[in-house]
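The structure appears below as structure tokens.
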Amino acid sequence: MKRLLFPALFTIALLLYLSGCQKPAQGPSAWIDQPLDGDIFPLEMLTFQAHASDLDGVESIEFFINQESKLVISAGGGRLGQAMMEWMPSSPGVYTISTQAADSQGHSGALASVTITITDQLAQTAPEPEIALEETLEVEEEEEPIQKAEEPVLPTGPRVIPGRVVNCRAQPGMDYPAVTWLESGQEAAITGRLADNSWYQVRHPESQVECWVMAAIVGVSGSLDGVSVMPAPAAAEQPASEPQSPQPAADTTAPTISAVYAAPNVIYQQGCAGETQTAVLTVEAQDDGGIATVEAAWSIGSKSGSVTLGKVAQNRFEATVGPINAAGTLSIYGSVVDKAGNWTPFILNVAVKCCIC
């Protein structure tokens, strides 16, 4: 009996040890660029901006206000995603703004939060010019009373919520002309969609024109289950008698990064007199079609920000980060984008030391 008991106990202990070594899948790392923790604002419209990064791709970014979900925005599935949201506070008070990202595997990352204060002061507006009494009487006698414009009715049901100005096109596709546009935060009811949900047909809230927006650049509120699936437009046929000119091959090659470094890679936090408090971020990259932009977002503790690297030489781009009022590891996530929209990510860390630890 004792001979059988010892192997059984050993097997159970080994299984428990192996199960404890398995780490649960971690979702994307998210941070809030604006507002910053502790900011104070008057009672006015605010804009929130957040970034997230994940090797499996950032599928979506969600905003919360006091733990209540307000908006989920598609991040495109790249390793570095960003999202923006506009919000009008209903009353003064202290609010907790949070963001959380999910990757393409369905894993959600940890919440990133900041706390802001909304005061009872309204945003200042320019005073109305004074009009003389005689001029006022003349206006009242000569002009008809001005009719107050009716407030627009917000759409109900599933709708798109753009985070920036987006074109609304005649048909689903970038080759079709834009017939109007949606402003940032201007909600429009969804009246149709393609089968793969890559384009949405919407009704403009002001002109009532029906047009199409790309799903990847807008947020969606509500369920799409009841929205009709529309047929994709047929490609225009060329006359048989007209020779078709060959189309140039699309550029699908991402930029090549040959070097990424920071000089120095160890700096001191803001206020350390006599010590180096900034670092120059350098990226060496090339692309046959040309580089369009080189951008990076950084975070350390509750601090975060972003920089755009400028071209300083052939295939070399630079930007300065710092000084930063925090100590620890400064995590930098960036991307090099060519003129065809292809991109290559890069990651870099810089150590930030304190003066007296």
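Report, by residue number, each residue of segment 29-76 that is more than 16 Å from the chain's Cα centre (by Cα), of a type in the set (Asp, Glu) and under 21 Å from ILE347 (Cα atoms).
ASP56, the sole residue that qualifies.
Report yes if LEU55 is outside the structural domain of ALA216 (by TED's automatic domain parsing), of a type outside the set (Phe, Trp, Tyr) and assigned to a loop (DSSP other than H, G, I, E, B), otherwise no.
Against the criterion (outside the structural domain of ALA216 (by TED's automatic domain parsing), of a type outside the set (Phe, Trp, Tyr) and assigned to a loop (DSSP other than H, G, I, E, B)), LEU55 qualifies.
Looking at ILE65 and the list (1) modelled with pLDDT under 90; (2) within 18 Å of GLY163 (Cα to Cα); (3) among the hydrophobic types (A, V, I, L, M, F, W, C), which single condition is not satisfied?
So the condition that ILE65 fails would be (1).
Any idea how many residues of segment 175-192 are part of a loop (DSSP other than H, G, I, E, B) and more than 25 Å from ILE61 (Cα to Cα)?
3
Counting only residues that are aromatic (Phe, Trp, Tyr) and touching a Ser or Thr at 6+ places or on another chain (Cβ under 6 Å), which one in segment 326-357 is surrounded by the fewest Cβ atoms within 10 Å (Cβ to Cβ)?
So the residue we want is TRP343.
Check VAL307, VAL294, VAL266 and return the single one that is assigned by TED's automatic domain parsing to the domain that holds PRO345, in contact with a strand residue (DSSP E or B) (Cβ under 6 Å, 6 or more places away or on another chain) and within 24 Å of THR253 (Cα to Cα).
Going through VAL307, VAL294, VAL266 in turn, the sole match is VAL294.
Filter segment 198-231 for residues that are of a type in the set (S, T, N, Q) and over 13 Å from LEU182 (Cα atoms) and give the result.
Result: SER198, SER221, SER223, SER228.
The values are calculated or read from the model by the stated rules, or taken from the named source; none is laboratory data. In this text the structure is predicted, and so the values were computed from the model without any measurement. With ideal geometry, Cβ positions are generated from the backbone for all residues, glycine too; neighbour counts draw on all protein chains shown.
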